[in-house]
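Chemist: The structure's right below; bear with me while I get my questions together.
The values are calculated or read from the model by the stated rules, or taken from the named source; none is laboratory data. Treat the numbers as computed from the prediction; the structure is a model and nothing was measured. Every residue, glycine as well, gets a Cβ built from its backbone with ideal geometry; the counts of neighbours run over all protein chains shown.
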Amino acid sequence: MRDGTRIGVDVGSVRVGVASCDPGGLLATPLTTLDRDEAGETDLDRLAALVLETAAVEVVVGLPRSLDGSEGPAAAGARRYAARVAARVAPVPVRLLDERLTTVDAHRFLRDSGVPGRRQRAVVDQAAAVLILQNALDAERATGRPPGASVRPGRHKARTKDGRR
């Protein structure tokens, strides 16, 4: 098992759940939920800042495949998001990890923990990010290899001095 903090990411169309782990890579915990901002990309800015703040050695982004393993629009969106994250955090590696049913599992866990439905919306993305990251940590511990697939940085327009692209 490699040492170092990792960041787990659950990409949604409205929110992005973020989790982190201890430097020993044993336990994933919720970190924050970011509002998606496709126009201004402030979510990507904040995520990149979190990678720096935590001195993360890797970012694991969930890839929402269908039950049969195929990829639909949500998976394509997660791939694009992961490529943009990779461009922002390079040279920190970004990996995609199959995350079938993590949001369903996160809702079930929160419900079983007594979190009311309205409160679940605020934390379900973080809970899903925790499940994604914990699955990655467990897989690496079991196999000795980094989990998932490596992501190449995508094209990303540089910001100008006034913050525009």
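Chemist: Of the residues Ala55, Ala28, which is crowded, with 22+ Cβ neighbours inside 10 Å, over 11 Å from the mean Cα position of the chain (by Cα) and over 19 Å from Pro153 (Cβ atoms)?
Modeler: From the options Ala55, Ala28, the qualifying one is Ala28.
Chemist: If you take the residues in the stretch 44-78 that are charged (D, E, K, R) and under 18 Å from Arg95 (Cα atoms), which one is modelled with the lowest pLDDT? Please lay out each step first, then the result.
Modeler: Of all residues in the stretch 44-78, those charged (D, E, K, R) come to 45-46, 53, 58, 65, 68, 71.
Now restrict to residues that are under 18 Å from Arg95 (Cα atoms): 58, 65, 71.
Numbers: Glu58: 97, Arg65: 83, Glu71: 80.
That would be Glu71.
Chemist: I'd like to check something: does the stretch 67-77 contain any residue that is over 19 Å from Glu140 (Cα atoms) and buried (at least 20 other Cβ atoms within 10 Å of the Cβ)? Give the steps one after another, and end with the answer.
Modeler: Within the stretch 67-77, the first condition is being over 19 Å from Glu140 (Cα atoms), and the residues that meet it are 67-77.
If we keep only those that are buried (at least 20 other Cβ atoms within 10 Å of the Cβ) too, we end up with none.
The answer is no; no qualifying residue exists.
Chemist: In the stretch 79-103, which residues are at pLDDT below 95 and buried (at least 23 other Cβ atoms within 10 Å of the Cβ)?
Modeler: Residues satisfying the conditions are Glu99, Thr102.
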